[in-house]
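Comments concern the structure below.
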Amino acid sequence: MTASVWVTILAGGAGHRFWPLSTPERPKQLLPLASPRPLIADTIERVRGLVAAEQVRVLAGEGLVTPIQAATGLGRESFLVETRPMGTGPVLARAAWEVHRRDPGAIMISLHSDHIIEPVQAFRDVLGAAVEIARRERLLLTVAVAPDRPETGYGYIRPGEELEAPAGHRAYRVGAFVEKPDPAAAARYIDEGYRWNTGIFVWAAGVFLRELERCAPEVANALTHLEDGDPAAFFEETARISVDKAVLERSGRVACIDAGFRWDDVGSWEALARNRFADEDGNVCEGEVHLSGSGGNIAVAASGRLALLGVEDLLVVQTEHVTLVMPRSESPRLKDYLRDLPRHLLEPGSGHGRDPVSG
């Protein structure tokens with residue numbers, strides 16, 4: 001790619017949906033959920049060689065800078081610190097402002113730190129095509145994936161008018177965004193050719209900032225604090241909002257490009273099941289787990305041993321601090337259930353158990 005391409009990586013968030021393995025001190029992006037490396041290290045490796053190392057920025061809270069550095073070897077200069085968690089709208093606005101200030105006219109690729117993507121070369125090819133379209137058409141692009149199941153936890157895109165794209169790729173104007181449909185609607189969307197919105201974005205930083213000013217003054221008006229060299233004041237004054245709601249759903253300059261790679265959002269324990277070997281009874285196990293007369297379970301022993309006897313369709317996760325047991329069907333709602341738990345269960349410290357989820 002050309003020199004004027006930057007990569008930003010969203011690496012904030014506590015990863016509550018992988019509790020109790022994830023904690024505030026060691027959220028899911030620091031866990032080896034896709035390979036022997038932490039997810040954030042996989043993400044960094046995926047873009048190595050795609051752009052220059054000095055043109056990669058990780059967006060995260062102050063408390064995660066040191067552990068992410070330890071996991072990736074990045075220097076402090078590679079981080080843009082989010083002083084207060086305000087959603088993807090403000091943090092990507094801050095990143096676009098920084099990229100545009102350093103490199104006017106630059107294209108910005110925004111990635112999440114918790115995706116599974118393969119093969120890497122196909123991923124890079126799609127990003128290269130997206131960069132070309134974003135530069136030529138002055139559009140905000142998102143990478144889209146054809147769904148293979150009626151997933152209710154993802155956002156969907158209705159493709160609109162087809163755009164000219166490099167050979168081997170297909171791109172479209174976005175006809176509409178649809179957030180987290182019910183099962184019947186999700187099944188219908190598959191038949192109607194809707195796509196999943198991966199949250200992988202490509203746009204010229206300057207174009208994004210102009211659309212931000214037009215569509216989301218509740219964020220754009222706070223950018224003056226960045227001009228004054230005060231990121232903390234920016235995060236204090238800006239609205240808490242996602243980039244989808246702030247800009248993409250309000251803008252008429254949004255397009256999508258089809259992914260030519262396998263993609264999975266590691267958003268819940270079900271994602272682990274989709275990407276791990278299941279035994280003949282449908283059990284997905286990590287660590288020392290013993291089963292008898294049991295089927296369809298996800299069982300993770302991060303500390304000690306687990307025995308599942310005569311049970312079906314459970315999620316069981318054991319750490320040195322706490323053991324989680326719940327119906328597997330309820331695991332996508334884990335974050336909701338955690339609101340009722342005492343804080344000492346949710347934040348027991350970083351923990352020192354071994355990592356069973358390692359490849």
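The values are calculated or read from the model by the stated rules, or taken from the named source; none is laboratory data. The structure displayed is predicted, hence computed values, not measured ones. Here the Cβ is made from the backbone with ideal geometry for all residues, glycine too, and neighbour counts use every protein chain on show. These area figures cover heavy atoms from the full protein model, side chains too; ligands, DNA and RNA do not enter into them. Shrake-Rupley method; radii C 1.70, N 1.55, O 1.52, S 1.80 Å.
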May I have the pair-distance distribution P(r) for the range 30-84, computed from all Cα-Cα distances with 10 Å bins from 0 and rounded to whole percent?
25, 55, 20, 0
So who's got an amide H within less than 5 Å of the one on Ile9, skipping anything under 5 residues away but keeping other chains? H placed 1.01 Å off N, in plane.
Arg57, Val58, Leu59, Leu111
May I ask you to derive the FRET efficiency for Arg48 and Thr323 from their Cβ-Cβ distance with R0 = 30 Å, giving the value to the nearest 0.05?
0.20
With 0.36 nm assigned to each residue of separation and the Cα-Cα distance removed, Arg343 to Thr224 gains 39.1 nm
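Is the range 148-222 best put as rounded, prolate or oblate by its Cα gyration tensor, with a ≥ b ≥ c the root eigenvalues, rounded for a/c under 1.5, and otherwise prolate when a/b is larger than b/c, oblate when not?
Since a/c reaches 1.5 but b/c is at least a/b, the shape of the range 148-222 is classed as oblate.
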Can you tell me the FRET efficiency between Asp313 and Arg101 if r is taken as the Cβ-Cβ distance and R0 is 51 Å, rounded to the nearest 0.05?
0.45
Rounding to the nearest 10 and keeping the result within 0 to 90°, find how far the Cα-based axis of helix 120-137 lies from the longest principal axis of the chain.
30
Just reorder Cys285, Cys215 by solvent-accessible area, largest first, 1.4 Å probe, all chains present.
Cys285, Cys215
Could you give me the ³J(HN,Hα) list for the range 78-95, computed from phi with Karplus coefficients 6.51, -1.76, 1.60 and θ = phi - 60°, whole Hz, x at Gly and Pro?
7, 10, 10, 7, 8, 6, 8, x, 10, x, 6, x, x, 5, 6, 5, 4, 5
Can you order the peptides 219-232, 306-319 by their average number of other Cβ atoms within 10 Å per residue, highest first?
306-319, 219-232
Those lysines that a straight Cα-Cα span of less than 17 Å connects to Lys180, excepting residues fewer than 8 apart in one chain
Lys245, Lys335
Select from His100, Pro166, Pro27 the residue farthest towards the positive end of the dipole of the chain; place +1 on Cβ of Lys and Arg, -1 on Cβ of Asp and Glu, and compute about the Cα centre.
His100
Excluding Ala146 itself, what net charge comes from residues whose Cβ is under 9 Å from its Cβ, given Lys and Arg +1 and Asp and Glu -1?
-1
Cα-Cα separations in the range 93-147 greater than 17 Å, expressed as whole percent:
47
When a/c is below 1.5 the answer is rounded, else prolate if a/b is larger than b/c, else oblate, so apply that to the range 96-222 with a ≥ b ≥ c taken from the square roots of the Cα gyration tensor eigenvalues.
prolate
Counting C-alpha atoms alone, how compact is the chain: give Rg to one decimal and Dmax as a whole number, in angstrom.
20.7, 65
Shape call, the range 55-144: gyration tensor on alpha carbons, a/c limit 1.5
oblate
In whole Å, what three semi-axes, largest first, describe the equivalent ellipsoid of the range 214-359 built from its Cα gyration tensor (square root of 5 times each eigenvalue)?
41, 22, 14
